[in-house]
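S.K.: Just dropping this structure here.
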Amino acid sequence: MTNQLGVIGLGTMGANLARNAARNGAEVIVFNRTISKTDEFMQKHASEGKFVAAHTIHDFLKAFTGQRAILIMVKAGQPVDDVIAELEPMLSPGDILIDGGNSFYHDSERREKDLTAKGFHYLGMGVSGGEEGALWGPSMMPGGSEEAFNALKPLLLKMAASDGTAKGKCVSFIGKGGAGHFVKMVHNGIEYGDMQLIAESYHLLKTACGLSNEQIGAIFTEWNNGKELQSFLIEITAKVFKKKDADTGSELVDMILDKAGQKGTGKWTTQSALDLGVAIPTITAAVDARILSSQKDERVSASSLIGELAVKSAKLQPKQIAAALYLSKICSYAQGMAMIAKASKEYGWAIDIGEVCRIWKGGCIIRSTLLRQFEKAFKNNPELANLLMDESMIKIFARKHKIWRKVVASGVLAGIPLPAMTASISYFDAYRSAKLPQNLTQAQRDFFGAHTYERTDKPGVFHTQWEN
């Protein structure tokens, strides 16, 4: 166990994790390349715990009295490699480097192999919870060196959010190599899906139900107080609709331009799913929706050129939309967890998905009451192929799927874009279908490219001369 933690990078997340560690008994050595940022941090927070400020990397490393544990909180990609390269010549065998940013998991795999070969430890640790979570208790997903994790575990347990039980904390060793950053990447992909589904529900409440922002805010509050949809994202959505714009006095949500940004983790999730051969249509639809939203000028032009279409008005009730959101959310989580399961087998990570669900129950952005059910499903059956095959999930879908279909169909007939909801219901229907039309796809592939096919009545690989 180490009682010291070094933090390089004092942006919002780095600064708040440093404060969290100090509050929980660690001596925290802080360094930022811009000296004024280190000085500003000390002026604001020195009284919160035991901090040591360093103005050079040399002084930073000299401040440690034993095994060094260094949390790197800089921009993902080359900046992380640059920091590691600067530190390496001055490190001692057994020192621990922790990358707490949103690094791509292949980079984490490479870094762990390289640093291990040189006698150092590496942890690629996903951290979720935003700036408040970082300060008061995030969900942390460390992967890489288990020995390093065990050395840091007492401190990390103090820093992490509660999982809602008496002693459980939202941190656990995920697996070797890039497992921690992979799980954080998938977490962010699920977050994309969840946010898009909530946005579509808002669109339906506004358009199909004709509700005001005040009424929509009240509905999201009601949903967050219920058993099925309670979650951090639903909670903050309810608060968004209550916020007034200081400049105009109007509701702030109506003053925000409908162009969504992204930092790349959703795109990574989609790209990685394609590489692994895992279908995550809800998450991919959410990424596509953000890309389409960014094409604001084109959309405005298309709106004037195409004009209003003769569509059927949708008349829905909020409780119907709630059911559609609920089932669609489950599909988004199911896709992410199927992706984790596939990667775990592919890379030999042995990830405990039930444990992943547990550490997502507090602190993180996608924390939700649903995760209690998901944790139970995977703890009861660690080999569960897909969340949709859990008995409790089967009962939920059997009870609510007709309402879900009505909501999606009504939205499509009314010309309301529902990319994530339609992707979710198509995923569900494809997954539950014993027979899909890809027999025709295989016939076409064999016709034009002699790609061969298998038969239903006998084993083997076959090719047909289709025009003879």
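The values are calculated or read from the model by the stated rules, or taken from the named source; none is laboratory data. All of these numbers come straight from a predicted model, not from anything done at the bench. Backbone-built Cβ (ideal geometry, glycine too); neighbour counts: all protein chains shown. Just the protein is used for accessible areas: all its heavy atoms, side chains included, with ligands, DNA and RNA removed. Shrake-Rupley method; radii C 1.70, N 1.55, O 1.52, S 1.80 Å.
S.K.: Using alpha carbon centroids, what distance separates the range 1-79 and the range 100-170, in Å?
M.R.: Here the two parts' Cα centres lie 16 Å apart.
S.K.: Before anything else, pin down the relative contact order of the range 260-376: Cα pairs under 8 Å, at least 6 apart, normalised by residue count, whole percent. List each step's numbers first, then the result.
M.R.: Working: 64 pairs, mean separation 27.5, N = 117.
Relative contact order comes out at 24 percent.
S.K.: Provide the per-residue ³J(HN,Hα) series for the range 282-290, in order, calculated from phi with Karplus coefficients 6.51, -1.76, 1.60 and θ = phi - 60°, each as a whole number of Hz, with x at glycine and proline positions.
M.R.: 5, 5, 5, 4, 5, 5, 4, 5, 5
S.K.: Stretched out fully, how many nm does the piece from Ser304 to Ile291 gain, at 0.36 nm a residue minus the Cα gap? Write out the running numbers ahead of the final one.
M.R.: Details: separation 13, 0.36 × 13 = 4.68 nm, distance 2.03 nm.
2.7 nm is the gain from fully extending Ser304 to Ile291.
S.K.: Once you have the alpha carbon radius of gyration of the range 314-462, what is it after dividing by 2.2 N^0.38 Å, with N set to its residue count?
M.R.: Working: Rg = 18.8 Å, N = 149, 2.2 N^0.38 = 14.7 Å.
Cα-based Rg divided by the globular estimate yields 1.28.
S.K.: Could you list log10 I(q)/I(0) for the range 49-134 at q = 0.11, 0.13, 0.14 Å⁻¹, which the Debye formula gives when each Cα is one point scatterer?
M.R.: For the range 49-134 at q = 0.11, 0.13, 0.14 Å⁻¹, log10 I(q)/I(0) is -0.31, -0.44, -0.51.
S.K.: Quote to one decimal, in nm, the extra length available between Ala385 and Leu276 on full extension: 0.36 nm per residue of separation minus the C-alpha distance between them. Intermediate results must be reported in sequence, preceding the final value.
M.R.: Working: separation 109, 0.36 × 109 = 39.24 nm, distance 1.52 nm.
Extending this stretch completely gives an extra 37.7 nm.
S.K.: I want to check the label-to-label distance for Trp466 and Lys206. Put each point 7 Å from Cα in the C-beta direction and report it in nm to one decimal.
M.R.: 4.6 nm
S.K.: Convert each backbone phi in the range 214-227 into a coupling constant with the Karplus relation 6.51 cos²θ - 1.76 cosθ + 1.60 (shift: θ = phi - 60°), then list the ³J(HN,Hα) values in order as whole Hz, x for Gly and Pro.
M.R.: Going residue by residue, I get 4, 5, 5, x, 5, 5, 5, 4, 4, 4, 5, 8, x, 7 Hz, with x marking Gly and Pro.
S.K.: Would you mind checking the tilt of helix 296-306 against the longest principal axis of the Cα atoms of the chain, expressed as 0 to 90 degrees and rounded to 10?
M.R.: 10 degrees
S.K.: Could you give the size of the charge dipole of the range 137-179 about its Cα centre, using +1 on the Cβ of each K and R and -1 on the Cβ of each D and E, expressed in debye and rounded to the nearest 20? If you can, show how the numbers build up before the last one.
M.R.: Numbers: 5 positive and 3 negative charges, 24 e Å.
That gives a dipole near 120 debye.
S.K.: Can you find, among Thr369, Pro382, Ile351, the residue sitting farthest towards the positive end of the charge dipole of the range 347-386, where Lys and Arg contribute +1 and Asp and Glu -1 at Cβ?
M.R.: Ranked along the dipole, the leading option is Thr369.
S.K.: With +1 on each Lys and Arg Cβ and -1 on each Asp and Glu Cβ, and nothing else charged, work out how big the dipole of the chain is about its Cα centre, in Debye to the nearest 20.
M.R.: Rounded to the nearest 20 debye, it is 1320 debye.
S.K.: Then there's this: Explain nothing, just the number: relative contact order of the chain, from Cα pairs under 8 Å at least 6 residues apart, as a whole percent.
M.R.: The value is 13 percent.
S.K.: State the answer as a single residue: which of Ile190, Gly460, Thr237 lies farthest towards the positive end of the charge dipole of the chain, with beta carbon charges of +1 for Lys and Arg and -1 for Asp and Glu, about the Cα centre.
M.R.: Thr237
S.K.: Further, regarding this structure: Over 22 Å between Cα atoms, which of Lys153/Lys342; Lys206/Lys242; Lys158/Lys243 qualify?
M.R.: Values: Lys153/Lys342 27 Å; Lys206/Lys242 15 Å; Lys158/Lys243 34 Å.
As for pairs spanning more than 22 Å Cα to Cα, those are Lys153/Lys342; Lys158/Lys243.
S.K.: Could you tell me the relative contact order of the range 312-468? Use alpha-carbon pairs under 8 Å, at least six residues apart, and round to a whole percent.
M.R.: Averaging sequence separation for qualifying contacts and normalising by length gives 25 percent for the range 312-468.
S.K.: Simple spin-label model, 7 Å along Cα-to-Cβ: Ala246 to Glu131 in nm?
M.R.: Simple spin-label model gives 1.4 nm for this pair.
S.K.: Is the C-alpha gyration tensor of the range 143-187 telling us rounded, prolate or oblate? Criteria: a/c under 1.5 is rounded; beyond that, a/b larger than b/c is prolate, otherwise oblate. Present the calculation step by step, with values, prior to reporting the outcome.
M.R.: Working: a/c = 2.83, a/b = 1.32, b/c = 2.14.
Judged from the Cα gyration tensor, the range 143-187 comes out oblate (a/c at least 1.5, b/c at or above a/b).
S.K.: Let me ask something else. Rounded to the nearest 5, what % of the DSSP beta bridges within the chain are antiparallel ones? If you can, show how the numbers build up before the last one.
M.R.: On the way: 10 of 31 bridges.
About 30 percent, rounded to the nearest 5.
S.K.: Follow-up. If N is the number of residues in the range 140-291, what value comes out of its Cα radius of gyration divided by 2.2 N^0.38 Å? Don't skip to the answer; put the middle values down first.
M.R.: Details: Rg = 19.1 Å, N = 152, 2.2 N^0.38 = 14.8 Å.
Computed over Cα atoms of the range 140-291, the ratio equals 1.28.
S.K.: Ok, one more. Stretched out fully, how many nm does the piece from Lys44 to Glu346 gain, at 0.36 nm a residue minus the Cα gap? Each step should come with its number before you reach the end.
M.R.: Values: separation 302, 0.36 × 302 = 108.72 nm, distance 4.65 nm.
Extra length available between Lys44 and Glu346 comes to 104.1 nm.
S.K.: Please give the per residue volume of the convex hull enclosing the alpha carbon atoms of the range 160-209, rounded to a whole number of Å³.
M.R.: Details: hull volume 4.7 nm³, N = 50.
Taking only Cα atoms, the range 160-209 has a hull volume of 93 Å³ per residue.
S.K.: Hey, can you rank 411-419, 99-107, 360-368 by average C-beta count inside 10 Å, highest first?
M.R.: Values: 411-419: 17.7, 99-107: 22.3, 360-368: 25.1.
Going by the mean number of other Cβ atoms within 10 Å, highest first, we get 360-368, 99-107, 411-419.
S.K.: Projecting each Cα onto the charge dipole of the range 239-350 (Lys/Arg +1, Asp/Glu -1 at the beta carbon, about the Cα centre), which of Leu305, Gln271, Ala324 comes out farthest on the positive side?
M.R.: Of the candidates, Ala324 comes out farthest on the positive side.
S.K.: A follow-up question, please. With r as the distance between the Cβ atoms of Lys312 and Lys259 and R0 = 35 Å, compute the FRET efficiency 1/(1 + (r/R0)^6) and round to 0.05.
M.R.: On the way: r = 29 Å, r/R0 = 0.82.
Here the calculated transfer efficiency is 0.75.
S.K.: Among 88-97, 264-273, 430-439, what's the highest-first ranking by average C-beta atoms within 10 angstrom per residue?
M.R.: On the way: 88-97: 16.2, 264-273: 20.4, 430-439: 10.4.
Top of the packing list down: 264-273, 88-97, 430-439.
S.K.: Give me the percent of accessible area attributable to carbon and sulfur for the chain, probe 1.4 angstrom. All intermediate terms of the calculation are to be shown ahead of the outcome.
M.R.: Numbers: 11940 of 22380 Å².
That share works out to 53 percent.
S.K.: Could you rank the peptides 303-309, 281-287 by their average count of other C-beta atoms within 10 Å per residue, with the highest value first? Please report the intermediate quantities before stating the final value.
M.R.: Working: 303-309: 7.4, 281-287: 27.1.
Result, highest mean Cβ count within 10 Å first: 281-287, 303-309.
S.K.: Could you tell me what % of all Cα pairs in the range 146-232 have separations over 22 Å?
M.R.: Details: 1897 of 3741 pairs.
Looking at the range 146-232, the distances longer than 22 Å represent 51 percent of pairs.
S.K.: Sequence-distant or interchain residues sharing an amide H contact under 5 Å with Ala208, placed H: which?
M.R.: Long-range HN contacts for Ala208: none found.
S.K.: Using the Karplus curve 6.51 cos²θ - 1.76 cosθ + 1.60 with θ = phi - 60°, work out ³J(HN,Hα) for each residue of the range 80-94 in order, rounded to whole Hz, and write x for Gly and Pro.
M.R.: Values per residue, Gly and Pro as x: 5, 4, 5, 5, 4, 4, 6, 6, 3, x, 9, 7, 10, x, x Hz.
S.K.: Now a separate question. About its Cα centre, how strong a charge dipole does the range 318-412 have in debye, to the nearest 20, once Lys and Arg get +1 and Asp and Glu get -1 at the Cβ? Display every interim value, and only then the final one.
M.R.: On the way: 16 positive and 7 negative charges, 123 e Å.
For the range 318-412, the charge dipole is close to 600 debye.
S.K.: Counting only residues 5 or more places away or on other chains, whose amide H sits under 5 Å from the amide H of Val7 once H atoms are built in the peptide plane?
M.R.: Those qualifying (amide H under 5 Å, at least 5 residues apart or on another chain) are Ile29, Val30, Phe31, Leu71.
S.K.: Next question. Two-decimal Rg/Rh of the range 253-386 from alpha-carbon positions, Kirkwood Rh? It would help to have the intermediate numbers written out before the result.
M.R.: On the way: Rg = 18.6 Å, Rh = 17.7 Å.
Result for the range 253-386 is an Rg/Rh of 1.05.
S.K.: Using the Kirkwood radius built from alpha carbon pairs, what does the Stokes-Einstein equation give as D for the chain at 4 °C and 1.567 mPa s, in µm² per second?
M.R.: On the way: Rh = 24.3 Å.
D, rounded to a whole number, is 53 µm²/s.
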